[in-house]
1. Which of Val58, Pro100, Pro89 sits closest to the plus end of the dipole of the chain, meaning its Cα is farthest towards the positive end, when Lys and Arg get +1 and Asp and Glu get -1 on the C-beta?
2. For Cys32, what charge total do you get from the other residues with a beta carbon under 13 Å from its beta carbon, if Lys and Arg give +1 and Asp and Glu give -1?
3. Give me the distance in nm between label points sitting 7 Å out from Cα along the Cα-to-Cβ direction at Arg62 and Tyr95, one decimal.
4. Using unit Cβ charges (K, R positive; D, E negative) and no other charged atoms, how large, in debye to the nearest 20, is the dipole of the stretch 18-123 about its Cα centre?
5. What does the charge count around Gln79 come to, taking other residues whose C-beta lies under 14 Å from its C-beta (Lys +1, Arg +1, Asp -1, Glu -1)?
6. Could you work out, for the stretch 10-80, what percent of all Cα-Cα pairs fall into each 10 Å distance bin, beginning at 0 Å and stopping at the bin that holds the largest distance?
7. Which label marks the calculated value of log10 I(q)/I(0) by the Debye sum over Cα atoms at q = 0.11 Å⁻¹, given the options (i) -0.32; (ii) -0.43; (iii) -0.38?
8. In whole percent, what relative contact order does the chain give with Cα contacts below 8 Å and a gap of six or more residues?
Amino acid sequence: MIDLYMDDARPCPKGFVLAKDAAECVELLKECDVRVLSLDYDLGWNMPTGMEVVRYIVAERRFPSVIYLHTSSAAGRLQMYQTLYANKPGHVRLYNYPMPDDVLRQIADGKFKVENGHGTELQ
């Protein structure tokens, strides 16, 4: 199981696997079980956006347990959030903002746990 961070410019947080573009992110989603996914929207001039990754997740039902949207694009964040929210299974945690520092620290230290809403860990 991996934690996946998609961004073309920001540094990858400790404990994450970096995908620098939408194609690489989709490939990792196909090949790996992803626990936490953090998405950017704008991935370079004339390049596919984070919305392409969202479309793949929805079409193939490859939802990570936790999804954060760390993009600075308000319009992109809204589009990704609305699409994910309308299609996600109930156990998926979706956050319309970047990961808080305490979550980043827990993941870096290998101590992050996902709960399914019933007190049971999904880690």
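A short reminder: the numbers here are calculations on the coordinates, not readings from a lab. Please read these numbers as outputs of a predicted model, since none were measured by experiment. Virtual Cβ from ideal backbone geometry, glycine too; neighbours counted across all protein chains shown.
1. With unit charges placed on the Cβ atoms, the residue in question is Pro89.
2. -2
3. Using points 7 Å along Cα→Cβ, the separation is 2.3 nm.
4. Its charge dipole is roughly 280 debye.
5. Values: positive: Arg55, Arg77; negative: Asp40, Asp42, Glu52.
Net local charge, Gln79 excluded: -1.
6. The calculated distribution, bin by bin, is 20, 60, 20.
7. (i)
8. Computed value for the chain: 22 percent relative contact order.
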